[in-house]
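These notes concern the structure reproduced below.
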Amino acid sequence: MIVVLLLSLWALSWICILWFYRRALLTLWHEPVIKRPVLIFESDDWGLGPAMNADRLNAMAAVLKRYDDREGNRPVVTLGVVLANVDAQRMLAGDAKRYYSTSLLDHRFQDILKAIKEGEAAGVFAAQLHGFEHYWPESLMAAIQTNSAVRDWLSRSEYPHTEELPAHLQSRWADCSTLPSMPLPQGAIGAAVQHETALFQQAFNRPATVVVPPTFLWNEHAESAWRREGVRIVVTPGRRYYARDRDGRLIGEEWRIYNGQKSSCGLFYAVRDDYFEPALGHTADSALAALKKKTELGRPTLLEMHRFNFSGDADGAQQSLYQLDRLLQYAKRHFPDLKFFSTEQLIDGLRNKEETLTERKLLYRIYFFLQRSRELPKLWKIAWLSGAVLALIPLLVVTRPPYLKHNAVHCGTINKA
């Protein structure tokens, strides 16, 4: 009787624990399972700049064209395009009292636009909407009048890099003229979205279908406006941030986003939460480790890779290209089932439940669910302390998909390969 009572209490306690974690666990269960390693590069901030940037884009495309997957698809770098920036010379001529901007359609940037389009035609680039500007103009103008560092930024070069602005000013979909930020009027958001999607259509002769919100700050009003203009997919970090606090830090919602999830506005989310930033030390080795981890979790690997890795000094750009080449070389070697996609193709594949991409067998889905549940460290600590893990470990062994053995998720680092 004592044994039965103890077992009953143990089972009851686990029912309570699982009920407490039910929302997180249900999210992990409903998240699609990818049964092939998927690698996508997401590179933001491309657009206006010196003609040299066209050469850097062409050099990146040349590296990508050396590789393909077993279906013949080349690696894709999605380019988050910023369609306009300050016209610094014109603004300074008027003592920065009035805002002026220049768009990507200006003849000075025709080589950059041409390089992007040629990369798209070759299947190695996919342009995505980052924004008309990488800031909200009124917020920037307020800062220029009161912040000498921001005013200095305006005079630093002919094409000021928005990456060098304070982080809160790089957000577009909130009024960050003061902190904490304030929401923008819904009408202003709608008009801005309409304007930037129209310019994207003019620049690329097709509608914008994927958007990457600057600094990952956006809200439902922006989503509704994007959907009205034909956008279908929003790239996220796995969470939606909607404001900046008094210190300029992002404020986000509690719920977690997963790949292929449908928003309340009818858009679909993609999750980009790994990095390949050679200029910041995120090299081929760390990107390969991310690919290994995501493959074991049944998730695609979307690598964040900003323009500054390739648009700076020649030596730094060459090092980034070298790391890109190394990553693709070793990813191909260790992951023979590797799949190259654009972000849009990935989400469409998840929505259509493509048989060659998504896992639908219950047995194998259990394995990936258990692996993902380890992202809840407190739950797994309880499992260890209660002894429940003794049942989970054999279950992981029994349900492990055989195709994971063909992709060397334990291949070690590149330097040891």
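A few points about this structure:
- Residue-wise HN-Hα coupling along segment 38-43, computed from phi with Karplus coefficients 6.51, -1.76, 1.60 (Hz; x: Gly, Pro): 10, 10, 9, 9, 10, 10
- Under 5 Å from the amide H of G47 lie the amide H atoms of V82, each residue being 5 or more positions distant or on a separate chain, with H modelled from the backbone and absent for Pro and chain starts.
- Potential lengthening of the chain between A198 and E164 amounts to 9.5 nm, from the contour at 0.36 nm per residue minus the alpha-carbon distance.
- Distant-in-sequence amide H partners of T236 (H built 1.01 Å from N, under 5 Å): A270, V271, R272
- Backbone geometry of segment 108-125 corresponds, through the Karplus equation with coefficients 6.51, -1.76 and 1.60 at θ = phi - 60°, to 3J(HN,Hα) couplings of 5, 10, 5, 5, 5, 4, 5, 4, 5, 5, 5, x, 5, 4, 7, x, 10, 10 Hz, x marking Gly and Pro.
- Among M91, S224, H134 - extreme Cα towards positive end, dipole of the chain, charges at beta-carbon: S224
- Spatially proximal aspartates and glutamates relative to K405 (Cα-Cα < 13 Å; intrachain offsets below 8 disregarded): E296, D337
- Residue separation of M182 and R228 scaled by 0.36 nm, minus their Cα-Cα distance, works out to 14.2 nm of gained length.
- Between 0 and 90°, nearest 10: helix 2-20 axis offset from the chain longest Cα axis: 10
- Placing a label point 7 Å from the Cα of R333 along the Cα-to-Cβ line, the residues of segment 289-327 whose backbone N sits under 12 Å from it are 326-327.
- Cα-based Lys proximity count in segment 38-351, under 30 Å, for pairs eight or more positions apart or on separate chains: 22
- 3J(HN,Hα) along segment 231-240, derived from phi through the Karplus expression 6.51 cos²θ - 1.76 cosθ + 1.60 where θ = phi - 60°, amounts to 5, 10, 9, 10, 7, 10, x, x, 7, 9 Hz, with x in place of Gly and Pro.
- Dipole axis of the chain (+1 Lys, Arg; -1 Asp, Glu on Cβ), positive-most option in L165, A62, S342: S342
- Length-normalised contact order of segment 38-351 in % [C-alpha pairs under 8 Å, at least 6 apart]: 22
- Sites T27 and Y322 - FRET efficiency at Förster radius 41 Å, r taken between beta-carbons, to 0.05: 0.60
- Rounded to 5, the percent of DSSP beta bridges in the chain classed as antiparallel: 25
- Residue-averaged [θ]222 nm for the chain, counting only DSSP H segments that reach four residues, each worth -39500 (n - 2.57): -13500 deg cm²/dmol
Every read-out reported here was derived from the displayed coordinates using simple, explicitly stated rules and does not represent laboratory data. Quick caveat: nothing in here was measured; it's all calculated off a predicted structure. Using ideal geometry, Cβ is built from the backbone for each residue, glycine included, and neighbour counts are taken over all protein chains shown.
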